[in-house]
Structures are given as structure tokens and as C-alpha cells.
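A short write-up of the structure that comes next.
The values are calculated or read from the model by the stated rules, or taken from the named source; none is laboratory data. Keep in mind the model is a prediction, meaning the values are calculated, not measured. For neighbour counting, all protein chains shown are included, and Cβ atoms are generated from backbone atoms with ideal geometry for every residue, glycine included. Remember, those area values only see protein heavy atoms, side chains included, never the ligands or the DNA or RNA. Shrake-Rupley method; radii C 1.70, N 1.55, O 1.52, S 1.80 Å.
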Amino acid sequence: MGVNLSPTRYKVCSFNCVYCHYGWTKYLTSDLSDFKNELPEPEDVKKALENFLQKKIKIDYITFSGDGEPTLHPDFEKIVDLVIEVKNKLLPHTKMALLSNSSTLDKKEVIDALKKVDLPILKLDCGNEETFKKVNRPCSSVSFDQIVENLKNVGDIAIQTMLVDGENGNVKQKDIDDWIEKIGMIKPRWVQLYSLENPPADGSLGGVGKNKLEKIAKQTEGKSGVRVEVY
Ligand code: SF4
């Protein structure tokens, strides 16, 4: 079950990924203070979750995700605490996951919140700054080297990587080599590797076939010692 903490009327994100299936980012920023009125209040999230969980539908994971970066919400840690409180009361065996683009790991409150989640899944699509700027198109406050440094320090995480083909893609041999090197430095629990399943923002992109993904996964495991799953 997804918990979306982003504004619902338009897309705000710290990235503008070429493959995003929500389309291009309307407001590219890592500061949501101007959007406060558009964000759900922690108590609203709590009430919505209570109403939903009372239906007793079987849920594997409650996952923070959506059409923007969930950790940009200024009350993210408070919301994580409230979600834990509600789920412990109503569905205690349900696990929690977070899908994040890794752009906010320099904030202590985000790291604190992330450590309370069973499965933090953090994005790393590229192995160098140039490709990062082409594929993820971050806002100016986000640095590729800082993301890699933060991912190295954060500990027990899974990395999720989207591979896409084409002029604005990330599957040239140098890109793959650089990315494998960073995976070896970060040493995540495991890597989730996938390609396009929905129409991307940039219509010129192509998907990467299962065989090629499997080949890259094998190469990564051999060089980095990190387990890779292809989706
Ligand atoms: S980080 Fe996620 S929501 Fe933001 S642009 Fe990239 S794919 Fe879309």
C-alpha cells in the first residue's frame, strides 16, 4: 500500500528523471516550504491510514512513495512515527518500506526516519555526475558525489536502479562500469535492477531487455560482490 506525501494537483520533486512515468517535474526543488498548503498534515495521514487499515485488507508493505520525493515533506519523520503507531495498533506484522531518490540523506531527521523503516530502497541510476545530470536532472542543491557519500554512510539499504536506453539513457559501457564501481563502494544489502514498464517523460527513451539486465546483474555481482535482482 502506497503512502503519497506529495501535492496532488501537480508534480514537485528534487529530480526530473527522464524516465519518470508521472511526466516532467513541474516544480524542481528540494525545499517544499512554499508548498505547505498543498501537503498532507501528519494527522491527515494518520486518519487516512486508520480508516484504511480498519478494512483488514492484507498488506505486505506500507510504502512511502508517489509522484514526488516523500522525504521532502517537512514532517516526514513525524509521519513515519505516526504510521508506525497506527500499524502497530491495527496490523502489527505489516512491514514498512520507503522509495526515495536519495537526495535528502544529508538531513539528520531523514536518516533517523529511514532507520525506523524495515526496507529503505534508495535510488542510484548512474555512476558519474554527467549521466546523473542527464538522466535524473536534479535541482541545483543536489550533488552526485554527496549522494554517493551519503549512501556509503547510511548503512543497511537496498539500491534501486532504472536502466534506460537512448540518447538520454544510462547503459553505455562507461556508465555501467562507473555505476558498478559505486555499487562496490556503497555495498548495499542488494540491488534492484529494472527498466521501463510505463511510458516515460522523455518519449525518445527505450527499455532495456531482460537478457541485457541479467548480463549487467551478473557482471555487477562478480565485480562488487553485491546481490542483484532483476525485475
Ligand atoms: S525521483 Fe521519482 S518522482 Fe521524482 S522525477 Fe524521479 S522517478 Fe519521478
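Summary table below
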item: Acute angle (nearest 10 degrees) that the helix 144-154 long axis makes with the longest principal axis of the chain, alpha-carbon atoms; result: 60
item: GluC sites (Glu not before Pro) within region 165-198, DSSP loop, no more than 15 other Cβ atoms inside 10 Å; result: Glu167, Glu197
item: Within region 1-109, trypsin sites (Lys or Arg not before Pro) in DSSP loop having at most 14 other beta-carbon neighbours inside 10 Å; result: Arg9, Lys26, Lys55, Lys56, Lys58
item: Size-normalised alpha-carbon gyration radius of region 2-230, reference 2.2 N^0.38 Å; result: 1.01
item: Whole-number accessible area per residue in Å² for region 1-142, which is evaluated in the context of all protein chains at 1.4 Å; result: 48
item: Whole-Hz ³J(HN,Hα) from phi, Karplus 6.51 cos²θ - 1.76 cosθ + 1.60, for region 186-192, glycine and proline x; result: 6, 6, x, 4, 6, 10, 9
item: Beta bridges per DSSP with both ends in the chain, % antiparallel, nearest 5; result: 5
item: C-alpha center-to-center spacing [region 68-108, region 1-45] in angstrom; result: 15
item: Cut-off under 5 Å, modelled amide H: who pairs with Leu98 long-range; result: Phe64, Leu119, Ile121
item: Cβ-isolated cysteines (cut-off 4.7 Å), the chain; result: Cys13, Cys126, Cys139
item: Part-to-part distance (alpha-carbon centres) for region 131-163 and region 165-231, which is given in Å; result: 14
item: Whether region 35-75 is rounded, prolate or oblate, judged on the alpha carbon gyration tensor where a/c under 1.5 counts as rounded; result: oblate
item: Neighbour-limited loop hits for trypsin sites (Lys or Arg not before Pro), region 124-180 (at most 12 other Cβ within 10 Å; DSSP other than H, G, I, E, B); result: Lys172
item: Nearest-ten-degree value, helix 210-224 long axis tilted from longest Cα axis of the chain; result: 90
item: For Met96, solvent-accessible area (1.4 Å; no DNA, RNA or ligand), Å²; result: 0
